[in-house]
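One structure is given here, and the rest of the page talks about it.
Nothing in this text is a laboratory measurement; each read-out follows from the coordinates by a stated rule. This one's a predicted model, so the numbers in the text were calculated from it and none came from an experiment. Cβ: placed from backbone, ideal geometry, glycine included. Neighbour counts: every protein chain shown.
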Amino acid sequence: MSMAATVQEAVRAVARQLAAAGVETSGLDARLIVMSAAGMTHEDLLREPGRILTADEAGTVSRHAARRAAREPLARIFGHWTFCGLDFRLSAETLVPRPETEMVVERGIGLLAGVETPRIADAGTGSGCILLSLLHALPAASGVGTDRSAGAIETAGGNAEALGLAGRAQFAVANWLDGVAGAFDLVVSNPPYIESGDIAGLEPEVRLHDPLAALDGGGDGFDAYRALIPQATARLKSGGWLVLETGSGQHKMVTYLLQNAGLANIGDDYDIAGHERVIRAQKA
Ligand code: GLN
């Protein structure tokens, strides 16, 4: 960034740099980079386009713009990201929370209507974003989040503290729900569901910066569902629900696995692009 640039000039320059690097959301990302460096909201940016960046702020903008141009996601550069309106710290072991995963939270909240003190389990919790968003929305709920990665569990625990939810959230290193005791009204998961052979073709933001273990669903993409669905079924209370995120085109196979486990009342949710994204099933 040249000396004494205004925030508006900085946004334009960064947007050009990012567009040239093939970043699809160049304009939005440029604004977010400048806003975070200058400590400004989007409204501040519109109101004071002529505000001059300090040398420190301009330095931060240049460094962050260079990293984004190298296709590092903004969530990794900032070290935290918003999900369901809450702020989540990230680490190398956690997936960046995706907007479509908010559908798991919304569906879970809807299915728990009428349950007085819901017990929730989140298998493969990562940053803890699904479980903690549910607990934030449901003040009488409590729950457990598991992850195979100790680093993820540490990050999730820190997020629970920061959000004031540590009293109602427990986190444990476990393979899915292995060793998790108790009976749950709701089991949620956003498991890895990408076919191993498709990983190499993913965007660099995902391929190089999200943990492989959070993406790779095995040869046909269904390894996690095969392992998790029977375990979750065994831990659901009668009348309890399992809510899973899936990839597009996976509902036929996941429906078969849910039926095989003895679950019923299977229902599908579609994302804004019209793809199958969330599937639910109930224990009789
Ligand atoms: N539950 C976490 C999330 O939705 C992690 C999911 C994953 O790592 N596959 O972000």
* Structure fact -> A correct Kirkwood calculation over the Cα atoms of segment 1-91 returns a hydrodynamic radius in Å of 13.2 Å
* Asked: How would you order 57-63, 215-221 from highest to lowest mean count of nearby Cβ atoms within 10 Å?
  -> 57-63, 215-221
* Roughly how large, in nm² to one decimal, is the mean projection of the convex hull of the alpha-carbon atoms in segment 176-274? -> 7.1 nm²
* **Per-peptide average of other Cβ atoms within 10 Å, ordering 204-212, 148-156 highest first** => 148-156, 204-212
* How long are the semi-axes of the ellipsoid equivalent to segment 138-197, from square roots of 5 times the Cα gyration tensor eigenvalues, in whole Å, largest first? -> 21, 15, 12
* To do: Can you tell me the 0 to 90 degree angle between the C-alpha axis of helix 251-260 and the longest principal axis of the chain, rounded to 10?
  => 30 degrees
* Ordering of 167-173, 30-36, 267-273 by packing [mean C-beta count within 10 Å, highest first] -> 30-36, 167-173, 267-273
* Which value in Å is the Kirkwood Rh of the chain over different Cα pairs? -> 20.1 Å
* To do: Bin all alpha-carbon pair distances of segment 101-152 at 10 Å intervals from 0 and give each bin's fraction as a whole percent.
  => 26, 56, 17, 2
* segment 53-74 to segment 76-97: how many Å between their Cα centroids? -> 18 Å
* Would you be so kind as to identify which of ALA183, ALA172, GLY197 lies farthest towards the positive end of the dipole of segment 145-205, taking Lys and Arg as +1 and Asp and Glu as -1 on Cβ and the Cα centre as origin? => ALA183
